[in-house]
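The values are calculated or read from the model by the stated rules, or taken from the named source; none is laboratory data. Since the model is a prediction, treat every value here as computed from it, not as a measurement. Neighbour counts run over all protein chains shown; Cβ positions are idealised from the backbone, glycine included.
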């Protein structure tokens, strides 16, 4: 009987030892996990971020060519899209014709100015000649009046002298009117020149606008990156201001982690951060806290909460924290905008 009990204890002893070892290991890792949590602040409310460049149509029209594919790498200056430019080419030609017409009008106004100036010189010369004739007619009238008083000439001869004075005076007045008319023509021509110059400036501005719109029919990449999903086809109509697709800049990534407001006490700019990407759980990426937001995420929402109205319910707020990635080029192939990550910061 005693031998059977001893043998039964020997059979049970390995099980007890294994169970005790398991409890010890579990306790060790549990204590380690608790100790790690006490020494670190962590959150899984974080994601990879990067710059994105929306490609926007500046003019409307039909897509003429689209030399791109979905998720294609592009460099700065690459042609992304071409819109049918025939309407804009015709508009440019019309604007050029308008400029040429305005320049012709300017030359015509200048010619009219020269003509008015010549007319003014002729009128002034005629007025000078006519002034000499008036003086002679007045002298003749004085002489004939003296002769008439001496009964040396007849009354008709004196009347002829008086009529000549009046005729010459009227002619002189007409010459002065011609001078005034020429001056008015000069003023009109100067005004026409200024108007033509203003029209030229307006037409040239319209031509510049037509040239600019024509250049907008070709859309070039403003930076380096990769295109997203292209929801465009050749022949599709696009409108001015329409976002066509987005280019993701794949050369610069960072992390935005949303920590609880109860965790930010230990978050300081410059502190090192451990980053774990969900898609690559075995890789630990090092980073550094670059900045903390001056407002909680809720304050940036379309309808931020207002605790002064309605029933107040206290909700733990989160503060966005920007984290730069150390040796970013080393992890470039595994980083994608929007990937979920977990970050840890030592207290």
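Some notes on this structure:
- Residue count, region 282-306 (criterion: modelled with pLDDT of 85 or more and assigned to a loop (DSSP other than H, G, I, E, B)): 6
- Residue within region 87-99 that is assigned to a strand (DSSP E or B) and either out of contact with any helix residue (DSSP H, G or I) (no Cβ under 9 Å at 6 or more places or on another chain) or touching a residue at least 24 places away in the same chain (Cβ under 8 Å) (or both) present: no
- Residues in region 270-292 that are in contact with a helix residue (DSSP H, G or I) (Cβ under 8 Å, 6 or more places away or on another chain) and without any contact (Cβ under 8 Å) to a residue 40 or more places away in the chain: 292 alone.
- Single match in 120, 104 (criterion: closer than 30 Å to residue 188 by Cβ, free of Cβ contacts under 8 Å to residues at least 24 places away in the same chain and within 60 Å of the chain's Cα centre (by Cα)): 104
- Whenever a residue of region 322-341 is farther than 13 Å from residue 256 by Cα, its partners that are part of a strand (DSSP E or B) and at pLDDT 90 or above, lying with C-beta atoms within less than 6 angstrom and at least six residues away or across chains, give the pairs 326/286; 326/287; 331/285; 335/48; 335/253.
- Flag for residue 274 being modelled with pLDDT of 90 or more, assigned to a loop (DSSP other than H, G, I, E, B), surrounded by fewer than 18 Cβ atoms within 10 Å (Cβ to Cβ) and assigned by TED's automatic domain parsing to the domain that holds residue 324: no
- Selection from region 228-265 of residues that are in a strand (DSSP E or B) and either within 30 Å of residue 347 (Cβ to Cβ) or not assigned by TED's automatic domain parsing to the domain that holds residue 288 (or both): 252, 253, 254, 255, 256, 257, 258, 259, 260
- Restricting 113, 80 to residues that are outside any helix (DSSP H, G or I) and either under 24 Å from residue 202 (Cβ atoms) or out of contact with any helix residue (DSSP H, G or I) (no Cβ under 7 Å at 6 or more places or on another chain) (or both) narrows the list to 80.
- Unique match (being farther than 23 Å from residue 100 by Cβ, within 60 Å of the chain's Cα centre (by Cα) and part of a helix (DSSP H, G or I)) among 174, 125, 196, 184: 184
- For residue 257: the one exception among (1) surrounded by 16 or more Cβ atoms within 10 Å (Cβ to Cβ); (2) over 30 Å from residue 295 (Cβ atoms); (3) at pLDDT 90 or above: (2)
- Residue 71 falls short on exactly one of the conditions (1) at positive phi; (2) surrounded by 14 or more Cβ atoms within 10 Å (Cβ to Cβ), and that condition is (2).
- Qualifying residue in region 52-59 (condition: closer than 30 Å to residue 260 by Cβ, under 35 Å from the mean Cα position of the chain (by Cα) and at pLDDT 60 or above): yes
- If you go through region 196-251 and keep only what is out of contact with any strand residue (DSSP E or B) (no Cβ under 9 Å at 6 or more places or on another chain), within 21 Å of residue 54 (Cβ to Cβ) and surrounded by 15 or more Cβ atoms within 10 Å (Cβ to Cβ), you end up with just 213.
- Residues of region 50-65 that are under 13 Å from residue 237 (Cβ atoms) and surrounded by 14 or more Cβ atoms within 10 Å (Cβ to Cβ): 57, 59, 60, 61, 63, 64.
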